[in-house]
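One structure is given here, and the rest of the page talks about it.
We did not get these values from a lab; they are worked out from the coordinates using the rules stated. A quick note: this is a predicted structure, and the numbers were derived from the prediction, not measured. Positions of Cβ are backbone-derived with ideal geometry, glycine not excepted, and every protein chain shown enters the neighbour counts.
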Amino acid sequence: MGIRTGSEYVESLRDGRSIFVNGERVKDVTRYDPFRGIVATMASLYDLQHERIGELTFPSPRDGAPVSASFLMADSIEAAERRARAEEIRADHTFGLMGRMPDFCNALLTDAATAHAFVGRREARYGENLVRYYEEVRDRDWCLTHTLVDPQIDRSKGPAEQDDPFAALRLVRETDAGIVVRGAKMLSTLAPFANEIWVGPFYPRRPGEEPYALCFAIRMDTPGLKFICRETYDTGRSRFDRPLSSRFDEEDALAVFDDVLVPWERVFINGDVEIFNSLMARTPGYAMLQGAIRGMVKLRFLAGLACHLAEAIGRADTPHLQAQIGETIANAEALSGLIRAGAHEVTWGATRGTPHRSLAATLWVLIPQMQMRAAEVIRQLSGSGLIMTPTEKDFAHPEIGAYLEKYLRGKNLGARDRVRLFKLAWDMIGEPFGSRQLQYEWFYSGDPYFTRARFYRSPIAREFKSMVGRLLRDE
Ligand SMILES: Cc1cc2nc3c(=O)[nH]c(=O)nc-3n(C[C@H](O)[C@H](O)[C@H](O)COP(=O)(O)OP(=O)(O)OC[C@H]3O[C@@H](n4cnc5c(N)ncnc54)[C@H](O)[C@@H]3O)c2cc1C
């Protein structure tokens, strides 16, 4: 056991899973054309672990085999920095473009397993299940997708008040073998390319919503489990025409549970609203750290892209463009410092249970803002260059190719290279792939207004208010 190779990973996706795309059931996700690019990218992440084994793995406490550093329970700053370095290398491999690369769920599961005593405080078996599951995923190098949120339907009502109380995923009954669940969850990014699905807590449940307070994990080919994917963004265009959609479309799906049996050993929370609502606040914050690292890497990529675009059209000396690009670079640098602080915070979280305040502020508030701003900078500096991007076939056409070479060249680069660069920018912020990236960054950590309001409702607001009280009392 231990880390898998890319080909072992690809082979593991050939099971009986139910994946639907564009009105058809995809029998083998590894041989479905629109998925080939992303499957290859995912496989390369697994191979990378072997190529850089010293940086990306640590010995499993169980048998000493190398396992991914994203499972490391970091109880020292050195260990947390090791985690962070490994996650940065892997995020860099995908330019920060895959929000749910395996490291994210690995970190999420490690977070949850760290809080096993809390999970098992009323029924010890649930905490034990969690630890056993964490060890199994770590040692087998499984890839997880996760799904946390109820279908939107009518957000003015809770899950139990909807017309159909089984719309949101809920418990149907308990049996000797496990729990039977029915309903749906959304979204489930990476679903076609994962080995297991993690269903866990996110938005709080209220008393009376116990049947909806569930946390468990099951195999992707579990009977009754179906995934309905959104349209794929890889439409078979060349690398030249769609440099990102053709490689990094991690897919999103609606997860449907049609009376699915979850074995008891895979159940972690079953109806306990208090544990459901508090679990993630009791974790060290490994998933937040991973999310922030991935966000930082992507911002670096966007800043680099903005520099290239400005140079290509001879605007690199323009002060207001320098200021805007400089802002993006400065944001990425600020994140780098916040992530170093975050590594300390997860260490304190793992050892003393201190809440991860600055990591939450970074991930929930700063990163979504910075991502939106970076995309706006690229849009504004690019002008028509973002739109006038003929295809590879246009360049090859004998009648028009020479015109394109002449009129679409850049300040210091030929037309093909300039168009390639702007196509990259358009794929990044304009094409369905890029539009989805923006939507994703905004909702990456949940509804950004909800997450901001959590700061307002937290004890921090009282601390800050008390300063004002102190001044007023001093009159
Ligand atoms: C590309 C993408 C990928 C995703 N991948 C995953 C994944 O892999 N796993 C997963 O679990 N989830 C995933 N999600 C879902 C994500 O967690 C949710 O989008 C997020 O939590 C917000 O929930 P929602 O989409 O239901 O929006 P809502 O919560 O329905 O929000 C819609 C709007 O309503 C507003 N609103 C919210 N509450 C109130 C209120 N009380 N009063 C007034 N207005 C309000 C919000 O501010 C927002 O503007 C993904 C989302 C996207 C966009």
Inset, instruction - Give the Rg/Rh ratio for the chain, taking Rg as the radius of gyration of the Cα atoms and Rh as the Kirkwood radius, to two decimals. - result: 0.99
Inset, instruction - For the range 308-325, just list the computed ³J(HN,Hα) in residue order, Karplus coefficients 6.51, -1.76 and 1.60, θ = phi - 60°, integers in Hz, with x standing in for Gly and Pro. - result: 4, 5, 4, 5, 4, 9, x, 10, 5, 8, 6, x, 6, 6, 4, 5, 5, 5
Legend entry - Hydrodynamic radius (Kirkwood) for the range 431-475, which is based on Cα pairs only, to one decimal in Å: 13.2 Å
Legend entry - Which of ALA167, PRO201, ALA361, positive extreme of dipole for the chain (C-beta unit charges): ALA361
Legend entry - For the chain, with +1 on Lys and Arg beta carbons and -1 on Asp and Glu, the positive-most of PHE268, ALA91, ALA343 along the dipole: ALA343
Legend entry - Crossing angle, helix 459-473 versus the chain [Cα axis fit, 0-90 degrees, rounded to tens]: 90 degrees
Inset, instruction - Multiply the residue gap between MET1 and PHE464 by 0.36 nm, knock off their C-alpha separation, and tell me the result in nm, one decimal place. - result: 161.6 nm
Inset, instruction - Kindly state, to the nearest 0.05, the FRET efficiency for ALA402 paired with SER238, given R0 = 25 Å and r defined as their beta-carbon distance. - result: 0.75
Inset, instruction - Compute the FRET efficiency between ARG473 and GLU376 as 1/(1 + (r/R0)^6), taking r as their Cβ-Cβ distance and R0 = 35 Å, and round to the nearest 0.05. - result: 0.20
Inset, instruction - Just rank VAL260, VAL67, VAL21, VAL131, fewest to most, by other beta-carbon atoms within 10 angstrom. - result: VAL131, VAL21, VAL260, VAL67
Inset, instruction - Arrange the following residues from fewest to most other Cβ atoms within 10 Å of their Cβ: HIS308, HIS397. - result: HIS397, HIS308
Inset, instruction - Compute the Rg to Rh ratio over the range 284-459 from the alpha carbon atoms, using the Kirkwood formula for Rh, and round to two decimal places. - result: 1.10
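For the cross-link pairs LYS27/LYS226; LYS185/LYS226; LYS27/LYS185, which exceed 19 Å when the distance is taken from alpha carbon to alpha carbon?
Listed pairs above 19 Å: LYS27/LYS185.
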Legend entry - 222 nm mean residue ellipticity, helices alone, for the chain (DSSP H n ≥ 4; -39,500 (n - 2.57); rounded to 500): -15500 deg cm²/dmol
Legend entry - Gain upon complete extension [ARG452, GLU174; 0.36 nm per residue less C-alpha separation]: 96.3 nm
Legend entry - Net charge contributed by nearby residues that have their C-beta within less than 11 Å of PHE166 (K/R +1, D/E -1): -2
Legend entry - For the chain, size of Cβ-based charge dipole, Lys and Arg +1, Asp and Glu -1, in debye: 860 debye
Inset, instruction - Using a/c under 1.5 as the rounded threshold, could you call the range 6-280 rounded, prolate or oblate? The axes a ≥ b ≥ c are square roots of the C-alpha gyration tensor eigenvalues, and prolate needs a/b larger than b/c, oblate otherwise. - result: oblate
Inset, instruction - State, as an integer percentage, the relative contact order of the range 284-459 based on alpha-carbon contacts under 8 Å between residues 6 or more apart. - result: 26 percent
Legend entry - Cβ-based exposure ranking for MET388, MET467, in which fewest neighbours within 10 Å come first: MET467, MET388
Legend entry - Cβ-placed point charges (K, R +1; D, E -1), dipole of the range 127-192 about Cα centre in debye, nearest 20: 140 debye
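Report, in debye and to the nearest 20, how large the dipole of the range 88-134 comes out about its Cα centre when Lys and Arg carry +1 and Asp and Glu carry -1 on their Cβ.
Working: 6 positive and 6 negative charges, 57 e Å.
Roughly 280 debye, rounded to the nearest 20.
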